[in-house]
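Trainee: I have a structure I would like to understand better, so I am pasting it below and will then ask my questions one at a time.
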Amino acid sequence: MERQADGVDGADGTAAGTTGARPRVVLGVGGGIAAYKSCELLRRLTESGHDVTVVPTESALNFVGAATWSALSGHPVATGVWTGVHEVPHVRIGQHADLVVVAPATADLLARAAHGLADDLLTNTLLTARCPVVFAPAMHTEMWEHPATQENVATLRRRGAVVVEPAVGRLTGVDTGKGRLPEPAEIFEVCRRVLARGGLSRDLAGRHVVVSAGGTREPLDPVRFLGNRSSGKQGYALARTAVARGARVTLVAANTALPDPAGADVVRVGSAEQLRDAVLAAARDADAVVMAAAVADFRPSHYTDMKIKKRDGQGPEPIRLAENPDILAGLSADRPHPGLVVVGFAAETDDVLANGRKKLARKGCDLLVVNEVGEGTAFGTDDNAAVVLGADGSETEVPYGPKEALAETVWDLVSVRLGGAPRTG
Ligand code: PMT
């Protein structure tokens with residue numbers, strides 16, 4: 001199989017430019033009902049300039065036939081190693097790929113991949129591929145949660161594969177739970193990022209990272225709260241980029257209206273105290289915690305069960321406030337294990353760097369991402385600028401650009417601090 005020259009414009013940052021070759025993607029399809037969703041993933045990949053070879057398993061063809069894969073990809077489709085033997089497909093397809101994405105990855109397929117079996121064309125391809133590999137699992141909740149599957153996933157992640165967390169929602173039939181294939185657009189996004197990072201994509205493989213995002217709401221009565229302008233975009237960018245770098249990601253999301261990033265375990269919270277509980281629980285076995293959420297420093301000291309009424313002629317009743325726990329400072333001072341890297345954000349409106357430096361000392365974290373905020377600045381925008389201060393005295397300036405670019409710099413700095421191999425316990 002030859003790389004095709006092309007005229008694909010790489011405007012989305014995925015496909016090579018007009019002089020380069022089209023990135024070659026192998027789409028492995030496992031035998032699950034979600035196989036039909038992979039037609040949409042295939043469409044997105046081909047339409048954005050990727051040269052896609054589909055390798056379904058024998059069972060996958062029970063759900064979507066070879067003719068569909070062949071017509072959508074423009075390539076012949078085979079499941080076994082005995083088709084076109086003169087081209088040695090069981091070796092060539094994997095060797096020449098820039099990315100292998102398996103969607104849906106069934107429990108059986110994950111097990112065969114983890115144990116290095118080579119009993120069909122897809123598992124042969126997985127063994128010969130030296131490029132990044134992304135698995136998007138889909139199965140019933142019980143199968144996903146089974147220790148055998150979890151161990152297989154851990155093995156694949158340890159070896160550097162990106163295994164995205166399944167989504168929660170409707171499964172086959174009337175069941176609901178965790179195990180649903182993430183939306184094709186989200187899997188495509190993971191592939192795009194992994195390809196964009198090439199060989200550097202998996203420096204967080206085997207790591208568990210926790211990211212907080214959004215803004216807490218401190219309830220006053222059943223209809224009112226004290227809140228802030230955070231949309232969650234910066235935290236979600238951190239989660240998406242960490243998934244693409246191979247990490248297992250727990251995203252603690254406070255009051256966001258963004259779609260769940262494929263591959264992240266999303267824990268939804270409301271108030272600062274709920275966010276603290278979720279972050280501390282996830283931090284126990286984490287390698288890094290990044291606190292991008294805007295957390296309220298104060299909450300109303302009294303919650304009124306019924307809507308507070310206007311008082312005739314007496315004016316409003318003053319709102320008394322109580323101090324919230326400082327999650328970042330608490331976690332930095334009392335780490336569940338010494339290897340944990342703790343990162344905070346500082347949202348400043350004035351004397352940005354000077355205040356950031358004082359905050360770093362006060363919070364005791366390893367890195368502090370200092371950004372200027374205001375109405376329409378950092379909050380809710382797609383772009384951001386920051387200086388990342390290190391407890392070691394380092395200062396890394398990140399110019400104004402997409403929140404993903406800032407997120408990548410944060411993970412670069414975290415990755416250096418993590419050093420060495422992932423913890424095993
Ligand atoms: O969500 P977006 O719309 O994309 O906007 C992104 C952002 C502006 C919210 C983000 O870039 C940002 O600056 N997040 C931190 C907001 C904030 O709460 O900053 P702070 O300076 O008040 O707090 C400093 C750090 O302590 C933060 O990491 C915060 O999560 C943490 N904190 C604060 C208070 C508290 N009680 N506990 C905490 O852990």
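Trainee: Determine whether the stretch 188-208 contains at least one residue that is within 16 Å of the ligand (Cβ to nearest atom), within 29 Å of L328 (Cβ to Cβ), touching a helix residue (DSSP H, G or I) at 6+ places or on another chain (Cβ under 9 Å) and at pLDDT 95 or above.
Mentor: No, the stretch 188-208 contains no residue that is within 16 Å of the ligand (Cβ to nearest atom), within 29 Å of L328 (Cβ to Cβ), touching a helix residue (DSSP H, G or I) at 6+ places or on another chain (Cβ under 9 Å) and at pLDDT 95 or above.
Trainee: Take residues that are in contact with a helix residue (DSSP H, G or I) (Cβ under 6 Å, 6 or more places away or on another chain) and tell me which of the strands (runs of 3 or more DSSP E) falling wholly in the stretch 338-411 contain 3 or more.
Mentor: Strands (runs of 3 or more DSSP E) meeting the threshold: 341-348, 367-372, 383-390.
Trainee: Answer with yes or no whether L331 is of a type in the set (A, V, I, L, M, F, W, C), farther than 25 Å from S271 by Cβ and within 13 Å of the ligand (Cβ to nearest atom).
Mentor: no
Trainee: Next question, about the same structure. Identify all residues within the stretch 141-161 that are under 20 Å from C131 (Cβ atoms) and of a type in the set (S, T, N, Q); write none if there are none.
Mentor: Listed by number, the list holds a single entry, T155.
Trainee: Which condition number in (1) at positive phi; (2) without any contact (Cβ under 8 Å) to a residue 40 or more places away in the chain; (3) not acidic (D, E) is the one that G160 fails?
Mentor: Evaluating G160 over (1) at positive phi; (2) without any contact (Cβ under 8 Å) to a residue 40 or more places away in the chain; (3) not acidic (D, E) leaves (2) as the failure.
Trainee: Listed residues A288, A296, A281, A322; which is among the small types (G, A, S), more than 8 Å from the ligand (Cβ to nearest atom) and touching a residue at least 60 places away in the same chain (Cβ under 8 Å)?
Mentor: Going through A288, A296, A281, A322 in turn, the sole match is A288.
Trainee: Now, a different point. Any chance the stretch 135-145 includes a residue that's more than 17 Å from L41 (Cβ to Cβ) and either of a type in the set (K, R) or in contact with a His (Cβ under 6 Å, 6 or more places away or on another chain) (or both)?
Mentor: No, there is no match, as no residue in the stretch 135-145 is more than 17 Å from L41 (Cβ to Cβ) and either of a type in the set (K, R) or in contact with a His (Cβ under 6 Å, 6 or more places away or on another chain) (or both).
Trainee: Which condition does T141 not pass, out of (1) crowded, with 24+ Cβ neighbours inside 10 Å; (2) touching a strand residue (DSSP E or B) at 6+ places or on another chain (Cβ under 6 Å), if it passes all the others?
Mentor: It fails just one condition, (1).
Trainee: Also, quick follow-up: In this structure, is V352 more than 25 Å from E273 (Cα to Cα), in contact with a Ser or Thr (Cβ under 8 Å, 6 or more places away or on another chain) and of a type in the set (V, I, T)?
Mentor: no
Trainee: Just one of (1) away from the ligand (no atom under 12 Å from the Cβ); (2) more than 30 Å from R207 (Cα to Cα) trips up V352, so point out which.
Mentor: Every condition holds for V352 apart from (1).
Trainee: Please state which one of G339, G270, G313, G330 is exposed (fewer than 14 other Cβ atoms within 10 Å of the Cβ) and of a type outside the set (S, T, Y).
Mentor: G313
Trainee: What about V153, is it within 16 Å of the ligand (Cβ to nearest atom) and out of contact with any Lys or Arg (no Cβ under 7 Å at 6 or more places or on another chain)?
Mentor: The answer is no for V153.
The values are calculated or read from the model by the stated rules, or taken from the named source; none is laboratory data. What you are looking at is a predicted structure, and each value in this text was computed from that prediction instead of being measured. Cβ coordinates were reconstructed from backbone atoms using ideal geometry, including for glycine residues, and neighbour counts include every protein chain displayed.
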